[in-house]
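The values are calculated or read from the model by the stated rules, or taken from the named source; none is laboratory data. Not measured: the values here are computed from a predicted model. Heads up, the Cβs are rebuilt from the backbone with ideal geometry, glycines too, and the neighbour counts pull from every protein chain shown.
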Amino acid sequence: MSLPPGFLDELRTRSSLSQVVGRKVVWDARKSNQGKGDMWAPCPFHQEKSASFHVDDRKGFYYCFGCHAKGDAISFVRETENVGFMEAVEILAREAGMPMPERDPQAQQKADKRTQLAEVMELAVRWFRLQLQTSGAAEARAYLERRGLDKSALERWEIGFAPDSWQGLWDALKGKDIADELILGAGLAKPSTKGGKPYDTFRGRIMFPIRDARGRAIAFGGRAMDPADKAKYLNSPETELFDKGRSLYNVRDARTAAGKGQPLLVAEGYMDVIALHGAGFEAAVAPLGTAITENQLQMLWRIAPEPIITLDGDTAGQRAAMRLIDLALPLLEAGQSLRFAMMPEGQDPDDLLKAAGPEALQKLLDNAVPMVQLMWQRETEGRVFDSPERKAALDKALREKIMLIKDPSIRSHYGQAIKDLRWQLFRARPATKRAGGMREVGARWQAPPQAPMPSTKASVLVVATGAGSTEHLREAVILAAFATCPAIVEDFESGLEAMRCADATHARLRDLLLRHAAQGESVLQERISATLGADALEILTSQRHVAIVPCVRRPGNTEMAAMTVAEELAKLEAARGLSEEIAEAVEDIGETADEAVTWRLSEAARAADRAARAAQEDTAEYDVGDNGARISRDERSALDSLLGNIKFEKTNGRDKG
């Protein structure tokens, strides 16, 4: 509905903000000056003892110097009463004695129809409640008593009973001269396909009235008493009053409780909400027999920024949580998300409260996990990531989910959270022994560290002499390249993960790169300084074999850094293949000699050949000086030639003299 120009200005003029706010706060008499409209009180939006909430009655605005809440009378009513804009306007207009603007005739007619339907629904609520007291409802009363609902709970939730008769409610409403179209329009009866009287929608069921945010009865939920009934729970059909995908059970009272600071809980059914409310968790709602819709999700976020989903601890409950995550991801905004409290297996909130009490439920709520944690769990639980292909599939699945998030800031934070979880999965678990000498590390298999090889073995084994120190030097170059150009880490993540880093400092730097490179160079360097020391990077890059690397001398050249890392990782891999084949060959030599030993030795030879070729490729471009520094062979040849010419000229000069 649109409001005419000037209506809101007049409403604000007529409404005294100090009177509106005064219903929710106690003014500080020492700081307040009522004559000037300058009022102070403890803030109603957050817990505090001092009076930091200021109301300027003349200007019609409030501001809290603690939580920075601000607004006018309309926004105050919206926040404290948890209502929408038009509802807040109607509340203030009523208090100010201002009539709301007239609607157009068609809209008025439609509103009148809805009002009539709501009145019929109230008659049905009263009739069902009366039927619960009859002898025919003895079994229903016994069931409700077994479920722990006493007389006060039945009154509070207006629970009733629909007798197992075809026209019980129809005849009762017709006896009050209610028109057929209103009974049918409210969804309380269905027309007969055989030309007879319409028949009741609900028969032989315990009845739960469903009310909207304004408190109007708009529908019913009926629980069948006959175990053989195909539909255990049945909701009213959709009507002009009732849209199942836009309604929540107990939304009105939950909104009020959430406005007072209680966490908003989303349960699965009526009985869960009733049990939660009875245990003190009054801000509880439930969808109406279906998965949560986008409209219901937006309703939840209008009530509270981070509802807690309390789903049943069974397979169906977990599937519902995963569907909800997929629905919510594109709708996320800053400060607007979901948390999940999964009940123990086979229990719903009602079962848990009866078995362990409110304290057990509160503990689950305190430990409710964020969406990103549950999303990660879905993609990793029960799976083994022991190959590059499986890791790549995990990365792809998670990347596709994260890309659903429209907000770039949230998308970035999700990406970082996933990187942290991935790091924990693949790096943080302690290793356990496995047959064949392999170790399980996180979700991957890794060969155990190799002991130094004895020099008395066959000549092919002697190739490994000094391999450990060479590997250490290459690791230093790779880590320095990554640290000075963190933008390339993502492209070489699997290679970086595979680096063993026997040196503890190298290992810690590797882990810091994996976890924080995506956050940018400044953040990464802060983390490195905080963990390894302020001069850690300087010490690394000043080493002779590192300082001469071009991408380290000229930081920021991503192409050069990528080429350096790719080359050094390839050489590491070749050297590692050699070491592993040597170790396996040595193990075979220690046992019975057979063809397997010969095969191992041939594999070691091939690995050695690959390592040698890699080294030759390296020296094709560089020579190593006496001090261990790499010198460009082209530059050295040019220098040697120049020096030779100078020597020749001097010699010729002496001969001429």
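Filtering segment 479-494 for residues that are modelled with pLDDT of 80 or more, touching a helix residue (DSSP H, G or I) at 6+ places or on another chain (Cβ under 8 Å), outside any helix (DSSP H, G or I) and within 23 Å of Glu521 (Cα to Cα) leaves a non-empty set.
How many residues does segment 1-55 contain that are part of a strand (DSSP E or B) and among the aromatic types (Phe, Trp, Tyr)? Talk me through it step by step, then tell me what you get.
The first filter runs over segment 1-55 and keeps only residues part of a strand (DSSP E or B), leaving 33, 38-41, 53-55.
Remaining after also requiring among the aromatic types (Phe, Trp, Tyr): 40, 53.
The qualifying residues number 2.
Of the candidates Cys67, Cys43, the single residue that is in contact with a Phe, Trp or Tyr (Cβ under 6 Å, 6 or more places away or on another chain) and either modelled with pLDDT under 85 or closer than 14 Å to Leu17 by Cβ (or both) is Cys67.
For Ala321, the test of being within 14 Å of the chain's Cα centre (by Cα) and touching a residue at least 40 places away in the same chain (Cβ under 8 Å) is passed.
All conditions in (1) touching an Asp or Glu at 6+ places or on another chain (Cβ under 6 Å); (2) at pLDDT 90 or above; (3) not basic (Lys, Arg) hold for Glu379, with the sole exception of (1). Being surrounded by 15 or more Cβ atoms within 10 Å (Cβ to Cβ) and in a loop (DSSP other than H, G, I, E, B) is the filter; apply it to segment 72-106 and report the residue that is modelled with the lowest pLDDT. Per the criteria, the residue is Asn82.
For segment 181-198, the condition of being within 24 Å of Ala275 (Cβ to Cβ), part of a helix (DSSP H, G or I) and not acidic (Asp, Glu) holds for none of the residues. A single member of Lys190, Lys194 is surrounded by fewer than 16 Cβ atoms within 10 Å (Cβ to Cβ) and either closer than 21 Å to Thr310 by Cβ or touching an Asp or Glu at 6+ places or on another chain (Cβ under 9 Å) (or both), and it is Lys190. Can you find, within segment 1-55, the residue that is surrounded by the fewest Cβ atoms within 10 Å (Cβ to Cβ) among those that are within 25 Å of Val89 (Cα to Cα), charged (D, E, K, R) and under 39 Å from the mean Cα position of the chain (by Cα)? Filtering segment 1-55 for residues that are within 25 Å of Val89 (Cα to Cα), charged (D, E, K, R) and under 39 Å from the mean Cα position of the chain (by Cα), the one surrounded by the fewest Cβ atoms within 10 Å (Cβ to Cβ) comes out as Arg23. For Leu154, the stated conditions do not hold, so it cannot be described as part of a helix (DSSP H, G or I) and more than 24 Å from Pro349 (Cβ to Cβ). Taking the condition aliphatic (A, V, I, L, M), in contact (Cβ under 8 Å) with a residue 12 or more places away in the chain and out of contact with any Asp or Glu (no Cβ under 9 Å at 6 or more places or on another chain), does Ala304 pass? Answer is yes for this residue.
Screening Ser542, Ser529, Ser522 for residues that are without any contact (Cβ under 8 Å) to a residue 40 or more places away in the chain, surrounded by fewer than 16 Cβ atoms within 10 Å (Cβ to Cβ) and in contact with a Leu (Cβ under 9 Å, 6 or more places away or on another chain) leaves exactly one candidate, Ser529.
Is it the case, given these coordinates, that Ala267 is surrounded by 22 or more Cβ atoms within 10 Å (Cβ to Cβ) and touching a residue at least 60 places away in the same chain (Cβ under 8 Å)? The answer is yes for Ala267. Being among the β-branched types (Val, Ile, Thr), within 25 Å of Arg302 (Cβ to Cβ), under 16 Å from the mean Cα position of the chain (by Cα) and outside any helix (DSSP H, G or I) is a property that does not hold for Ile410.
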